[in-house]
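Report on one structure; see the data block that follows.
The values are calculated or read from the model by the stated rules, or taken from the named source; none is laboratory data. Owing to the predicted nature of the structure, the values given are computational and were not obtained by experimental measurement. Cβ sites come from the backbone with ideal geometry, for glycine too, and all protein chains shown count toward neighbours.
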Amino acid sequence: MKLVTFAGPPSSGKTAVILKTLAHLQREGRKVGVVKFDCLASQDAERFRAAGIPALTGLSGNFCPDHYFITNIEDCAAWGRRQQLDLLVSESAGLCNRCAPHIRGHLAVCVLDHLAGVNTPRKIGPMLKTADVVLVTKGDIVSQAEREVFAFRVRQVNAKARLLFVNGITGQGSWEVSRLLDAAPDNAPLTGGKLRFSVPSAVCSYCLGETEIGEDHQHGTVRKIQIEEANHV
């Protein structure tokens, strides 16, 4: 079974692109499935099931989504094998742009949208920097100049990734994406494998339920902002 990770900011069009892409593979007889990781709520599994795609939903709640992903992806992969899937897509929302849900040896996809602004690629962390494929959506809404600048900014962050423009509504570009997913490696181990980048770290009093503000209540891993006072003449 192939495992492909999809990540990207919320509302960038990940689910729509995945649906259009997997439809091509379904027509070719591939058995595909999706596991959707999110924080508080998600109705995307219903959309996948309506398209005849087995789907799981994992909600991390007040737990770090990346840590939740890591501690559950093996069980999800085991579920996919029980379903006799040819391909399992793991979709996660990069809520803080620092998320790192990509795994070494497994195809990694990052989805961005033009409407987030041309400076967005510089604000995205490992989920863009370590991706094999970058899909850019909503290009039909912006000008050609904006598309070229956005693509240039993406390549500044990740020059090695394959960059494709996709429309999640019309499906334009999704066939090319399906070719990449169909050619994804399927021999990389999951158990014993490694993430492509370390996940965000924070073990502090607020992680453990503290709600009161003040240095007396801040314990564990705490990072303080560096403030330089202005020099007045």
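Are any of the residues in segment 49-59 assigned to a helix (DSSP H, G or I) and either modelled with pLDDT of 90 or more or surrounded by 22 or more Cβ atoms within 10 Å (Cβ to Cβ) (or both)? Give the derivation first.
Of the residues in segment 49-59, the ones assigned to a helix (DSSP H, G or I) are 49-50.
Pick out the ones that are also either modelled with pLDDT of 90 or more or surrounded by 22 or more Cβ atoms within 10 Å (Cβ to Cβ) (or both) and you get 49-50.
Taking every residue of segment 49-59 in turn, at least one turns out to be assigned to a helix (DSSP H, G or I) and either modelled with pLDDT of 90 or more or surrounded by 22 or more Cβ atoms within 10 Å (Cβ to Cβ) (or both).
For segment 52-99, which residues satisfy the criterion of being among the hydroxyl-bearing types (Ser, Thr, Tyr) and in contact with a strand residue (DSSP E or B) (Cβ under 9 Å, 6 or more places away or on another chain)? Step through it out loud before you land on a result.
Residues of segment 52-99 that are among the hydroxyl-bearing types (Ser, Thr, Tyr), as a first pass: 57, 60, 68, 71, 90, 92.
Within segment 52-99, THR57, SER60, TYR68, SER90, SER92 qualify.
What number of residues within segment 124-166 satisfy the criterion of being part of a loop (DSSP other than H, G, I, E, B), touching a helix residue (DSSP H, G or I) at 6+ places or on another chain (Cβ under 6 Å) and over 22 Å from ARG98 (Cβ atoms)? Show your work before the answer.
Looking only at segment 124-166, we keep the residues that are part of a loop (DSSP other than H, G, I, E, B), and these are 124-125, 130-132, 138, 142-143, 158-161, 166.
If we keep only those that are touching a helix residue (DSSP H, G or I) at 6+ places or on another chain (Cβ under 6 Å) too, we end up with 138, 142, 158, 166.
Applying the additional criterion that residues be over 22 Å from ARG98 (Cβ atoms) yields 138, 142, 166.
Selection size over segment 124-166: 3.
Can you tell me which residue among LEU135, LEU115 is closer than 21 Å to GLN172 by Cα and modelled with pLDDT under 95?
Working: LEU135 fails: modelled with pLDDT under 95.
Only one candidate passes the filter, namely LEU115.
Among what's in segment 85-111 and is of a type in the set (Gly, Ala, Ser) and touching a Phe, Trp or Tyr at 6+ places or on another chain (Cβ under 8 Å), pick the residue that is modelled with the lowest pLDDT. Steps first, answer last, please.
So in segment 85-111, the residues of a type in the set (Gly, Ala, Ser) come out as 90, 92-94, 100, 105, 108.
Right, trim to touching a Phe, Trp or Tyr at 6+ places or on another chain (Cβ under 8 Å) and you get 90, 92-93, 100.
On the way: SER90: 94, SER92: 88, ALA93: 77, ALA100: 84.
The residue in question is ALA93.
So ILE141 fits all but one of (1) under 26 Å from LEU40 (Cα atoms); (2) surrounded by fewer than 20 Cβ atoms within 10 Å (Cβ to Cβ); what number is the exception?
Of the numbered conditions (1) under 26 Å from LEU40 (Cα atoms); (2) surrounded by fewer than 20 Cβ atoms within 10 Å (Cβ to Cβ), the odd one out for ILE141 is (1).
Within segment 177-233, which residues are among the β-branched types (Val, Ile, Thr), surrounded by 12 or more Cβ atoms within 10 Å (Cβ to Cβ) and assigned to a loop (DSSP other than H, G, I, E, B)? Walk me through it before giving the result.
Of the residues in segment 177-233, the ones among the β-branched types (Val, Ile, Thr) are 177, 191, 199, 203, 211, 213, 221-222, 225, 227, 233.
Subset that is surrounded by 12 or more Cβ atoms within 10 Å (Cβ to Cβ): 177, 199, 222.
Correct list: VAL199, VAL222.
Mind listing whichever residues of segment 86-123 are in a helix (DSSP H, G or I) and surrounded by fewer than 23 Cβ atoms within 10 Å (Cβ to Cβ)?
Kept after step one, since they are in a helix (DSSP H, G or I), are these residues of segment 86-123: 114-116, 120-123.
Within segment 86-123, HIS114, LEU115, ALA116, THR120, ARG122, LYS123 qualify.
Of all the residues that make up segment 14-23, how many are within 11 Å of the chain's Cα centre (by Cα) and either on the phi > 0 side of the Ramachandran plot or hydroxyl-bearing (Ser, Thr, Tyr) (or both)?
Just the residues of segment 14-23 that are within 11 Å of the chain's Cα centre (by Cα), to begin with: 14-15.
Next, only the ones that are either on the phi > 0 side of the Ramachandran plot or hydroxyl-bearing (Ser, Thr, Tyr) (or both) stay: 15.
So the answer is 1.
From the list VAL177, VAL149, VAL166, pick out the single residue that is modelled with pLDDT of 90 or more, over 25 Å from LEU19 (Cα atoms) and among the hydrophobic types (A, V, I, L, M, F, W, C).
Working: VAL177 fails: over 25 Å from LEU19 (Cα atoms); VAL166 fails: over 25 Å from LEU19 (Cα atoms).
VAL149 is the lone residue from the list that is modelled with pLDDT of 90 or more, over 25 Å from LEU19 (Cα atoms) and among the hydrophobic types (A, V, I, L, M, F, W, C).
Go through segment 6-39 and report how many residues are in a helix (DSSP H, G or I) and either surrounded by fewer than 23 Cβ atoms within 10 Å (Cβ to Cβ) or in contact with a Cys (Cβ under 6 Å, 6 or more places away or on another chain) (or both). Reasoning before the result, please.
Initially, segment 6-39 is screened for residues in a helix (DSSP H, G or I), giving 14-27.
Subset that is either surrounded by fewer than 23 Cβ atoms within 10 Å (Cβ to Cβ) or in contact with a Cys (Cβ under 6 Å, 6 or more places away or on another chain) (or both): 15-16, 19, 23-27.
Looking only at that region, the number is 8.
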